[in-house]
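Here is the structure we will look at, set down as structure tokens.
The values are calculated or read from the model by the stated rules, or taken from the named source; none is laboratory data. The structure presented is a predicted model; accordingly, all values stated were derived computationally and were not measured. Heads up, the Cβs are rebuilt from the backbone with ideal geometry, glycines too, and the neighbour counts pull from every protein chain shown. For accessibility, only protein heavy atoms count, side chains too; no ligands or nucleic acids. Shrake-Rupley method; radii C 1.70, N 1.55, O 1.52, S 1.80 Å.
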Amino acid sequence: LQVFDEGKDVTPHPLFHSDPNAVVPRQGKLLASSAHFGATGSGTYGSSSTSISNASTTESILDETVEPGSRRDTTVSLSGVQGRQEEIEEELTEEDLDRSVDIYLTETETIWILDMPSVAVSVESEDAGRIQERNRIYADICKNRPGNDRFVEKMMQTINGAAKNKEVQCDQIIMEDKGMTVTSWDLYNSFNVLEIKPTSKAEGSGATAGRSTKPHTTKEHDQTMSVSSDRGSTSSSTMISESSVLARNHEEEECHSEAILTSEKFQQDLFFMERILMENIFQPKLAAYRQFPVLIDPDVTSGTSGTVAAVKEAKEKEHGKEKKDKDEQKEAFIDPSILSDVNKILEETVPPRLERLWSYTCDLTNGHSVSSMAWSKVNPDLLAVGYGAFDFKEQKKGLACCWSLKNPMWPERIFQCEHGVTALDFSMASPNLLAVGMYNGSVAIYNVRSCKDVALLDSSESSNKHTGPVWQLRWVEQDRSATADGKTEGLICISADGRITEWLVQKRLDCTDLMKIKRTESEKKKLPGEKERKSEDLISQQAAGMCFDFHPKDTNFYLAGTEEGHIHKCSCSSREQFLKTYRSHKGPVYKVAWNPFSTDMFLSCSADWSIILWHQDSQSPLLTFSSTTAVVHDIMWSPKSAFVFAAAKESRVEIWDLSVSILDPVISYFASPREKFTSVLFATNTDCLLVGDSRGEVGVFELQNLAAPNSNKV
């Protein structure tokens, strides 16, 4: 065969060349005839003759490899092949043999041994639109995944790939040792380059004169050397004197600037400047806190001109809308009183919510958990916050900070404590005294008028000090005489050592026990036929106290919550017995609170996820609120309504309104994933709520659209 490409002979050369000296193997008749036929057809350009020659060659090879037992069948098949070859030879004519036949070589199908599909697709490809749609669907799924019940997180273990060792050869690293000789003078000069001692001009001139009055024994050369030494000494002394003058001026400037920064007048100016800046920054939020309208300065800069224009446009639209409504009323003859009732109904349909205004936080409080909060009895803008951990493993140094509304970014007073702060409260008789209870059982009293970080009184020297954490303390006014003016204020504390104590504030702190909380056996109903069980011996006869609250009208009675889950009603007159015991909680009672309006009712919260409403005359709970499976750390009644109270759970803050629902809270504010709510406190003069968390922040929230009923209604 010969292959031509546009007249050029491109026939491939054979890769195998036979050796003429090699022995030719024996061939059968069929092989000889096929070889002869192939030689005859090699001069032609027909594809059919080539295929026949190849077929005959293949069959001849099979003939050589066939077994002897099947020789008969092979002979028959070979004779048939010879007959077919003769028929084909007879059919071919001279014209067929002389005719040129074109043969086209095509590429065979590609066989893929390894196929790694690409993770990226060209935008111009056909599948680009479909893949973009799949990516969008996947992004929507990932976005809607948090909080969806259709997704479940599971952990899977995958097989780690086998490690491979890879060696790399690099050029040899040439190491060289170098050294140098340094004298002691070089070391001294290197360490004292910046410490140039100031020298006087007299010393400089003396040094110059000393150098110029050297004896000269040679002629011109010695004179030249002396002149050069005189010039060098003069220039060096001048440089030293200039550097000394500059150093002295720099020291004087530093002393002068330090005196200015530490002056009392400068500190006072900075204080006023800080107040002005805080007022400018937090003015809208403070106005919302005090429920004042937010005012806009008419002389604003050009940067806020758009805001003023927007406000004016909104007012014009509102004015036009009111005018249009009045016109419609006149046309339809609608009574304005009916329209006002409709507007009230529409306002009631807006759901209540908590709007975050700001947070009391700074670098010092980051990482400390908020344990307690208390308002000043005289100044409603002054807030005391205690920072400390409740868990024994997380204990560290505590803080007691006094925050003011005039500066929400930094506390006015900071009191460092050696142990975590667990409770604090302001005095009413002496508003400048702040009592602080700590995790190690000590009690300290600070003077907030003083800027010193030193306790005014401390219980460390008292022989009756607590041996467990002080979980709650409060200044309580009690009647000590028959006259109305005979009220005295005492500091009451409850501790984990099972004691409720009253501290006397004199030259030093000392206490007396109001009650030692004894453990009580749980009342279990005896089944019929069951034998009496022996009483178990208790490790400690005293139960750990967790919280207390005095009656709002009669301060001779108070409630005490224990770690057992019991609530005891006690009297200051009886120090040995409980008046009543309320048993319903299955975990430690963290807070009890009397209702300030309905003084026969009180609330309690516990680690058993529940909040219970009690009546003091009944030992069975009236209502039990349990909306989530989370520990309830704190509760507080609203100072403006007998039906509203707030609860701080680990995962969220809840506002309950018993006049609306006793099943679900009216407001639920959820915490972020890395924080837990620890305490709540209502503002005394506004509709705001303060919430403390585990990150050291005290959030200030405004209660919006909460239609609280009349406080006198019970």
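Looking at ASP664, ASP657, can you tell me which residue is at pLDDT 90 or above and surrounded by fewer than 18 Cβ atoms within 10 Å (Cβ to Cβ)?
The unique qualifying residue is ASP664.
With the structure loaded, tell me whether MET636 is open to solvent by 40 Å² or more (accessible area, probe 1.4 Å) and aliphatic (A, V, I, L, M) or whether it fails that test.
Criteria met by MET636.
Out of the residues in segment 613-627 meeting the condition of being over 23 Å from ASP554 (Cβ atoms) and in contact with a Phe, Trp or Tyr (Cβ under 7 Å, 6 or more places away or on another chain), tell me which one is surrounded by the fewest Cβ atoms within 10 Å (Cβ to Cβ).
Checking each candidate, the answer is SER626.
Would you pick out the residues in segment 92-123 that are of a type outside the set (Ser, Thr, Tyr) and open to solvent by less than 100 Å² (accessible area, probe 1.4 Å)?
Of everything in segment 92-123, those that are of a type outside the set (Ser, Thr, Tyr) and open to solvent by less than 100 Å² (accessible area, probe 1.4 Å) turn out to be LEU92, ASP96, LEU97, VAL101, ILE103, ALA120, VAL121.
Which condition breaks for THR599 when tested against (1) out of contact with any Phe, Trp or Tyr (no Cβ under 9 Å at 6 or more places or on another chain); (2) open to solvent by 40 Å² or more (accessible area, probe 1.4 Å)?
(2)
Do you know which of the residues in segment 667-695 that are open to solvent by 40 Å² or more (accessible area, probe 1.4 Å) and not hydroxyl-bearing (Ser, Thr, Tyr) is farthest from the chain's Cα centre (by Cα)?
This residue is ASN685.
State whether the residues of segment 463-484 include one that is at positive phi, in contact (Cβ under 8 Å) with a residue 40 or more places away in the chain and either touching a strand residue (DSSP E or B) at 6+ places or on another chain (Cβ under 9 Å) or not basic (Lys, Arg) (or both).
Scanning segment 463-484 turns up no residue that is at positive phi, in contact (Cβ under 8 Å) with a residue 40 or more places away in the chain and either touching a strand residue (DSSP E or B) at 6+ places or on another chain (Cβ under 9 Å) or not basic (Lys, Arg) (or both).
State all residues of segment 557-584 that are open to solvent by less than 10 Å² (accessible area, probe 1.4 Å) and either of a type in the set (D, E, K, R) or over 17 Å from GLN478 (Cα atoms) (or both); if no residue qualifies, say none.
Answer for segment 557-584, where residues must be open to solvent by less than 10 Å² (accessible area, probe 1.4 Å) and either of a type in the set (D, E, K, R) or over 17 Å from GLN478 (Cα atoms) (or both): ALA560, GLY561, THR562, GLY565, ILE567, HIS568, TYR582.
Report yes if some residue within segment 410-426 is farther than 29 Å from LEU286 by Cβ, touching a residue at least 24 places away in the same chain (Cβ under 8 Å) and of a type in the set (Lys, Arg); otherwise report no.
The answer is no, given that none of the residues of segment 410-426 is farther than 29 Å from LEU286 by Cβ, touching a residue at least 24 places away in the same chain (Cβ under 8 Å) and of a type in the set (Lys, Arg).
Any idea which residue in segment 494-510 is nearest to the chain's Cα centre (by Cα), counting only those that are part of a strand (DSSP E or B) and in contact (Cβ under 8 Å) with a residue 60 or more places away in the chain?
Filtering segment 494-510 for residues that are part of a strand (DSSP E or B) and in contact (Cβ under 8 Å) with a residue 60 or more places away in the chain, the one nearest to the chain's Cα centre (by Cα) comes out as ILE494.
Against the condition part of a helix (DSSP H, G or I) and surrounded by 10 or more Cβ atoms within 10 Å (Cβ to Cβ), how does GLU133 come out, does it pass?
yes
List every residue pair whose Cβ atoms lie under 9 Å apart, where the two residues are 6 or more positions apart in sequence or sit on different chains, the first residue falls within segment 123-152 and is of a type in the set (Lys, Arg), and the second residue, located anywhere, is surrounded by 10 or more Cβ atoms within 10 Å (Cβ to Cβ) and in a helix (DSSP H, G or I).
Sorted first by the residue in segment 123-152, then by its partner, the list stays empty.
I'm told VAL680 meets every condition in (1) modelled with pLDDT under 90; (2) farther than 19 Å from ALA287 by Cα; (3) among the aliphatic types (A, V, I, L, M) except one. Can you identify the failing condition by its number?
(1)
May I ask you to list the residues in segment 544-583 that are touching a Pro at 6+ places or on another chain (Cβ under 7 Å) and assigned to a strand (DSSP E or B)?
MET546
Name the residue that is farthest from ALA607 (Cα to Cα), counting only residues in segment 639-654 that are small (Gly, Ala, Ser) and open to solvent by less than 50 Å² (accessible area, probe 1.4 Å).
SER641
Quick one: ASN192 ticks every box in (1) at pLDDT below 80; (2) among the polar types (S, T, N, Q); (3) open to solvent by less than 100 Å² (accessible area, probe 1.4 Å) except a single one, so which number is it?
Answer for ASN192: the failing condition is (1).
Which members of segment 383-395 meet the condition of being farther than 11 Å from HIS419 by Cβ and in contact with a strand residue (DSSP E or B) (Cβ under 6 Å, 6 or more places away or on another chain)?
Those that are farther than 11 Å from HIS419 by Cβ and in contact with a strand residue (DSSP E or B) (Cβ under 6 Å, 6 or more places away or on another chain): LEU383, ALA384, VAL385, GLY386, TYR387.
Within segment 136-155, take every residue that is open to solvent by 100 Å² or more (accessible area, probe 1.4 Å) and more than 24 Å from VAL119 (Cα to Cα) and give me the one that is nearest to the chain's Cα centre (by Cα).
Ranking the candidates gives PRO146 first.
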